[in-house]
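Notes follow the structure.
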Amino acid sequence: MSENGQDALRSFIEDLYASYGDPERFDAHLDPGITIWESDQTDMLVGVEALDGLRGGRNGETPAPPTVRPVPRGFVVDVYGDTGVVRYDLGVEQLTGEPTGDLFRVTDVLRSSDGHWRIVHHHAEQVAP
């Protein structure tokens, strides 16, 4: 397992969350057929269009600019050829840097195609405060 591959995937996830609030840039990290498990959803979401529906339900049709930012930390990264698995905690902070108390455990499965990593499966579970 290459340390370089681990660093690349860690940077990829950090860039994903740095693009929070910019759906086009955020979605560039996702495979179009991504499957998603979220702790507030009873069914698995399939595809970026389903994610857009979830966003619309959470944020309304004209979302306001984000007032918080997600902060990934505590990475465990494995790379198996063109497949990667990244596990991490995802904290949420106010834009001032003050933690909100929200914390998620996340596992992302990624695949590399044509030299580009994309998330093919995302599983996030909210941890009780």
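Here are the numbers for this structure:
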quantity	calculated
Size of charge dipole - the chain - debye, nearest 20, with Cβ of Lys, Arg +1 and Asp, Glu -1, no other charges	160 debye
Kirkwood Rh in Å, taken over all unlike Cα pairs in the chain	15.3 Å
Over the stretch 3-127, relative contact order from alpha-carbon pairs under 8 Å, at least 6 apart, %	25 percent
Tilt relative to the chain, helix 3-18 - C-alpha long axis, 0 to 90 degrees, to 10	20 degrees
Degrees, to the nearest 10: 48-59 long Cα axis against longest axis of the chain	30 degrees
Segment V127-T42, length gained on full extension (0.36 nm per residue, minus Cα span)	29.0 nm
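Just so you know, all these numbers are worked out from the coordinates, no wet-lab data involved. On a predicted model such as this, the values are computed, not experimentally measured, just so you know. Note that we place each Cβ from the backbone using ideal geometry, even for glycine, and neighbour counts take in every protein chain shown.
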